[in-house]
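The values are calculated or read from the model by the stated rules, or taken from the named source; none is laboratory data. All values reported here derive from a predicted model rather than from experimental measurement. Cβ placement follows ideal geometry from the backbone for every residue including glycine, while neighbour counts extend to all protein chains displayed.
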Amino acid sequence: MSIALPLQETRAPKTRLASSAIDARGLEKALKRSVEGEVRFDPGSLGLYAVDASNYRQVPIGVVIPRTIDDVVETVRVSREFGAPILSRGGGTSLAGQCCNTAIVMDWSKYLNQVLEIDHVHRRARVRPGCILGNLRHEAEKYGLTFGPDPATHDHCTLGGMIGNNSCGAHAQMAGPVSHNVESMEVLLYDGTRMTVGWATNDEMKNAIRQGGRRGEIMAKLEQLRAKYATQIQRRFPDIPRRISGYNLDQLLPSESPDAEGKFNLARALVGSEGTLVTILEATLELIHNPPFRTLVVLGYPDIYKAGDHVPEILKFKPMAFEGIDRMLIENMKKKELHTKYLDRLPEGNGWLLIQFPGETKQEADDRARQMIDYLKAKRDAPATKLYDDEQDEKAVWKVRESGLGATAFVPGEPVAWEGWEDAAVPPAALGDYLRDFSKLLEKYDYKTALYGHFGQGCIHCRISFDLMSKKGVQDYRSFVEHAAELVSNYGGSLSGEHGDGQSRGIAAHHVWQGNRAGISRVQIHMGSGLENESRKNR
């Protein structure tokens, strides 16, 4: 059992104050007295940490770069005494505004970035939140293992940020999001309570409640929350591969999987909470077998919609990665002179699917790829196909896909494109129809975008040419995201399929909730039906 190993308990926190009421000078002095690491309140540091990869800019109260876990505990304690909010930050790659706040920002990436242990026998890894994903993968690959979720920013995103956002990436196709790959976590609450959370049974939860204290109080409220909403969670949470919006309240319900039957995992319930519930001190992650051989096939279609139509059939062949890109993305790369030498390696088409198959031998991987190719060639609407035997060619094509975000930003001769609605997800079987309807919505607002993403899991990425510099443009943006949210809701999807809620999803979630109070649809139950507020009260 890892649901409750209390290391410290303190009194309840003070009420957090408005930033204008916080004694920033006194807070800075108190932090410098208590923290071994770096305490930065200078204008340059505040400007540096006011932004992330999103559209937002919020100047923090101050920045702490902790050297030790004790520094983190002290930072939270001092911030609590001054009524200041806190925000953990990793690589700053968040696209929905998760790393921006008027708060004390803790940067984990400089000092608390270690791979603490690789347990290759049990296929687990212990890491600090500032550990870069690429470093973990490098260490795990020594044992033929890897961490499944792998965003395109894998060489600089941190595990703490991935846990906070419930990240996915291309190989979540075979491993699921981070919430499916966490064993346990050591966490710190705002009131100073430290505990380890992970797998537990209902009896273990009840025992923790009987023991009382702050830990027992938390477990009792979680049990009440679960009892109140279990039926709605089971009935109304979208049953899709990429549901990243909202809290993972479904992880509080007993698992039906054979290896964890009857247990629930509180650590997994905290994944994706974006720092709103706990501060993560350490995480134990599940590793998976790293296939030694991989074969890439690219399929070319007349347009991206027909590519989406073929997704359900291709999923039958169980690829380990399944991506899609459209013609506009390729045109943007040409305009930016980005990876142009690789673009002629794609087969003919205006929309492409990138399908990767694993194997214990090259022959096995190739055979799985050819089986799919033969199946598709027999169809009347067969795509153009290309199987890549050369490893360097495969890497080159993956670079094209991984450069999607950069390729859509500041394209010469094109209007500026922004995040703000860039990763909604729907059931993969409905992807083609959803793309058609989504494109009609873009046309209605005269927006342009490139469509790409994790097609095998129904997740679409796009930076859109919103006008965020005029009053009318902002009004149009709000109207668009409200309609886009309705569209996703009608398809039984999720407002976010990868990048999380952050500050971006609030408008859309609120609109869908207000419009469906009488009969909450599957997409709203985890965004605006009262569950989120209930969770916030109970933290």
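Among the residues of segment 331-370, those that are buried (at least 22 other Cβ atoms within 10 Å of the Cβ) and either free of Cβ contacts under 8 Å to residues at least 40 places away in the same chain or within 28 Å of residue 175 (Cα to Cα) (or both) comprise 351, 352, 353, 354, 355, 356, 357, 369. Does at least one position in segment 167-178 carry a residue that is surrounded by fewer than 22 Cβ atoms within 10 Å (Cβ to Cβ), among the β-branched types (Val, Ile, Thr) and not assigned by TED's automatic domain parsing to the domain that holds residue 93? No, segment 167-178 contains no residue that is surrounded by fewer than 22 Cβ atoms within 10 Å (Cβ to Cβ), among the β-branched types (Val, Ile, Thr) and not assigned by TED's automatic domain parsing to the domain that holds residue 93.
Listed by first and then second residue, the pairs linking a residue in segment 189-203 that is surrounded by fewer than 17 Cβ atoms within 10 Å (Cβ to Cβ) to a residue that is in a strand (DSSP E or B), with Cβ atoms under 9 Å apart and 6 or more places separating them unless they lie on different chains, are 201/263; 201/264; 202/263; 202/264.
Of all the numbered requirements in (1) among the hydroxyl-bearing types (Ser, Thr, Tyr); (2) surrounded by fewer than 17 Cβ atoms within 10 Å (Cβ to Cβ); (3) within 32 Å of the chain's Cα centre (by Cα), residue 385 misses one, and that requirement is (2). Residue count for segment 335-387 satisfying the condition of being farther than 18 Å from residue 307 by Cα, in a loop (DSSP other than H, G, I, E, B) and touching a Lys or Arg at 6+ places or on another chain (Cβ under 7 Å): 1. Selection of segment 105-123 for residues being touching a residue at least 40 places away in the same chain (Cβ under 8 Å) and acidic (Asp, Glu) yields only 107.
If we keep just the residues of segment 31-60 that are part of a helix (DSSP H, G or I) and of a type in the set (Gly, Ala, Ser), which is surrounded by the fewest Cβ atoms within 10 Å (Cβ to Cβ)? Among them, the one singled out is 44. In segment 416-444, the residues that are closer than 19 Å to residue 244 by Cα form Cβ pairs under 8 Å with partners that are surrounded by fewer than 23 Cβ atoms within 10 Å (Cβ to Cβ) and of a type in the set (S, T, N, Q), at six or more places apart or across chains, as follows: 419/55; 420/55. Counting only residues that are in contact with a His (Cβ under 8 Å, 6 or more places away or on another chain), in a strand (DSSP E or B) and either hydrophobic (A, V, I, L, M, F, W, C) or surrounded by fewer than 17 Cβ atoms within 10 Å (Cβ to Cβ) (or both), segment 303-330 holds 2 of them.
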